[in-house]
Amino acid sequence: MENYAKNGTSETQKRSVQTSIFAIQGMSCARCAQTIEKGLSRVPGVESATVNFAAEKLSVDHNPTQIDADELVARIKKLGYRALPDKDTDLRVDRVQLYWLLLSAILTMPIMPLMWLRPFGQSTDYLVFVLSTLVQFSAGLTFYHGGWTALKNRSANMDVLVAMGITAAYVYSLLALFGIFGQAEDVFFETSAMLITFVRFGKWLELRAKGQAGQALKALLKLQADRAVLLLDGVEQDIPASQLKEDDLVVVKPGEKIPVDGIVAEGQSTVDESMVTGEAVPVTKETGDQVIGATINLNGHLVIRATRVGSESVLAQIVRMVELAQADKAPIQRLADQVSNWFVPAVALFALSTFLIWFMAIETSFLFAFKMAIAVLVIACPCALGLATPTAIMVGSSVGLSAGLLFKRASVLETIARLQVVLFDKTGTLTKGEFEVTELATTGRVRQDELVMIAAAVESNSNHPLAKGIVRYSREHELDIPVVRHVDEVGGHGLVCTLQGEKIVVGNDRLMNREHISVEAVEHQVNNWISKGQSVIYVAKDGQLLGALALADTLKNGADDTIIKLHQMGLKTAMITGDRQAVAEATAQQLGLDFFEAEVLPGDKMSVVKRYQQQGYLTGMVGDGINDAPALAQADIGIAIGSGADVAKETGDLILVKGDVRDVEKGIRLGRQTLAKIKQNLFWAFFYNVVGIPVAAGVFYPIFEVALKPEFAGLAMAFSSVSVVLNSLALKRVAKDL
């Protein structure tokens, strides 16, 4: 379990809060989820409880010193539901639902032919009674149990409506069968039996569809290796991967999964990290490199020293984050929750009104009015409302996970869709953070390659980013770097040394002025470089200028394309950097940014984010997730540029696991498409009930003389939930564009 520090009753007091996640069994609709949330919120030690009805998962923030996981399970059981720590229960539950569906279907199928053909005359009704009774008190018991649980908790859910409907139909038919209403009264046992079967069928389809929504997470859970080869005192031992400990040495052969996060102690190979990072290109690993558990060793023999095991591994952290995100509740879900609070009681009153109007006001037969009321009860269901948001969130987060976009909370997918301004950190986000030589200029005293060799010989003695860029450039061009002597570093200026008995000076214009070296010969080129925001290094020998080199922090691949796409989406873009004004302006112009903030100290980035928020913008901040932590936390959405190895340390709301800046636009686009699906789902859920309930009540019967039978009303109710889930699953089509 993860532990977090939260503020207590005073600023100095802190409490340890643990987050526990359970699989919940026994819920029938969104009202059940609310019952669990309200029931647990009153328990001492529980900070918050959130139920995702679609995922059938409960996330509880609690103080373990006051209430532990076992006590939470007991509390949930008292509420009438079952909590399981085991997350892989879907297949078993799915099979149980299927078995009950098959039982009810086998018993129900003969009823309609018997009612039509009546092979045993009047006695046929008794055979139908036996079959419907078996359905009523076997497959139908779940609705009674769920309804009683809800009423016991002073609530009302879908099970209450279905239980009322099937009871009314069954009891009326039973009384009519034994002549309580007279010999002429019809029985309709088929209504309750078919209603149970159709609702069971709809719930099974819904369960199957919901299972598809969480496939990405299930696949991730299955990635971890089951076995590992432990190297102990030179002897290899095959053991369960769960028994590995920190600092253990593990042997991984070609084609095998790496069972643990660690560092390569021996060997060299390429590793397929696509299942964790989403990056298809294999990564070369050598001694000292980090590896991630569940990735695949492709072609070399590796010995790995374990650094993170169990719940501390990258895979476990990713799974944990996705589970928390899917257990979270998006703000837009509150609307559906508010509707669900009064929905069931309102439907019960509407059903009663329907009966009274048809029977007493319009003076139709008791049976006709009764069936109309039952149809109203069963066609109305808050399930579609309860599924509208969480299923879309589940699919959206799963699609993102497959593309290397890790959303930490459900609310992120909704909020990111509404962003108006995206702020980017410059170095390491928009740019590579590595200076590269872009242009050269000589005074004619040496060739360009000689100029680079001399500069590299001197700069090889410095750790400055500009110096590293020059040395790297010389190596890329396979130039020999001579050895210099008597190196003297002048802070903030450059270096002075001796090469083959001659004094060499390499540095900025201030060092040239100090050494009384004229730079007039390259002044025109240098001014042009500076206007582009490039840094300049001069090279001189024995008081004479040899030339100058221009260096720039080059843009990351796709940075310019990302800005273009964000503008096409109607977003404003800005850059925050500590670089001087000229450099920042040149980069901003090159990328086509709307705004830029130059010479900003690291600690002041949060203030810049606040300023944009105060101007009324919903603001996103993109940074490296560690150095930019305050700004990421302040932003409405913090987007962390990360890598698979350090994903667990990131502080953003959205983590770009591949570290690709182009994923910023993809994350926002996915958020918008997910929010669109949520709105579509809510619209159809409301529209269905607005249209379906009046149809079931017989509003159109006087015109078209068409009435909706209760059993078909039940089937329509079931398919309303299924349609919402299927609409959410359509989000999977987005995956190919990410």
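The values are calculated or read from the model by the stated rules, or taken from the named source; none is laboratory data. Just so you know, these numbers come straight off a predicted model, no measurement behind them. Please note: Cβ atoms are built from the backbone with ideal geometry, for glycine as well, and neighbour counts cover all protein chains shown. When the accessible area is computed, the model is the full protein with side chains, heavy atoms only, and any ligands, DNA or RNA have been set aside. Shrake-Rupley method; radii C 1.70, N 1.55, O 1.52, S 1.80 Å.
Of the set (1) in contact (Cβ under 8 Å) with a residue 40 or more places away in the chain; (2) over 23 Å from PRO390 (Cα atoms); (3) open to solvent by 10 Å² or more (accessible area, probe 1.4 Å), all apply to ALA713 but (3). For region 510-526, what are the residues that are in contact (Cβ under 8 Å) with a residue 12 or more places away in the chain, open to solvent by 80 Å² or more (accessible area, probe 1.4 Å) and within 24 Å of ASP579 (Cα to Cα)? Hit for region 510-526 is ARG510, nothing else.
Scanning region 578-605 for residues that are open to solvent by less than 70 Å² (accessible area, probe 1.4 Å), aliphatic (A, V, I, L, M) and closer than 20 Å to ALA633 by Cα yields a total of 1. Identification of strands (runs of 3 or more DSSP E) wholly contained in region 527-595 with 3 or more residues that are more than 24 Å from ARG669 (Cβ to Cβ) and in contact (Cβ under 8 Å) with a residue 40 or more places away in the chain yields 535-541, 544-555. Could you please let me know if ILE668 is open to solvent by less than 10 Å² (accessible area, probe 1.4 Å) and among the β-branched types (Val, Ile, Thr)? Yes: the conditions hold for ILE668. Among the residues here, VAL608 does not qualify as of a type outside the set (Lys, Arg), open to solvent by less than 40 Å² (accessible area, probe 1.4 Å), without any contact (Cβ under 8 Å) to a residue 40 or more places away in the chain and farther than 21 Å from LEU405 by Cα.
Among the residues of region 165-184, those identified as open to solvent by 40 Å² or more (accessible area, probe 1.4 Å) and farther than 13 Å from ILE196 by Cβ are VAL171, LEU174, LEU175, PHE178, ILE180, PHE181, GLN183, ALA184. For residues that are farther than 12 Å from VAL309 by Cα and open to solvent by less than 60 Å² (accessible area, probe 1.4 Å), tally how many sit in region 229-249. Summing the residues that are farther than 12 Å from VAL309 by Cα and open to solvent by less than 60 Å² (accessible area, probe 1.4 Å) in region 229-249 gives 6. Any chance you could count how many residues in region 399-424 are open to solvent by less than 10 Å² (accessible area, probe 1.4 Å) and either aromatic (Phe, Trp, Tyr) or farther than 21 Å from LEU566 by Cα (or both)? The total comes to 3. With respect to (1) open to solvent by 60 Å² or more (accessible area, probe 1.4 Å); (2) modelled with pLDDT of 80 or more; (3) part of a helix (DSSP H, G or I), the lone exception for VAL724 is condition (1).
Scanning region 470-496 for residues that are β-branched (Val, Ile, Thr) and either assigned to a strand (DSSP E or B) or surrounded by fewer than 15 Cβ atoms within 10 Å (Cβ to Cβ) (or both) returns VAL483, VAL487, VAL490, VAL496.
Among all residues of region 441-459, there is at least one that is in a loop (DSSP other than H, G, I, E, B), modelled with pLDDT of 90 or more, of a type in the set (A, V, I, L, M, F, W, C) and surrounded by fewer than 20 Cβ atoms within 10 Å (Cβ to Cβ).
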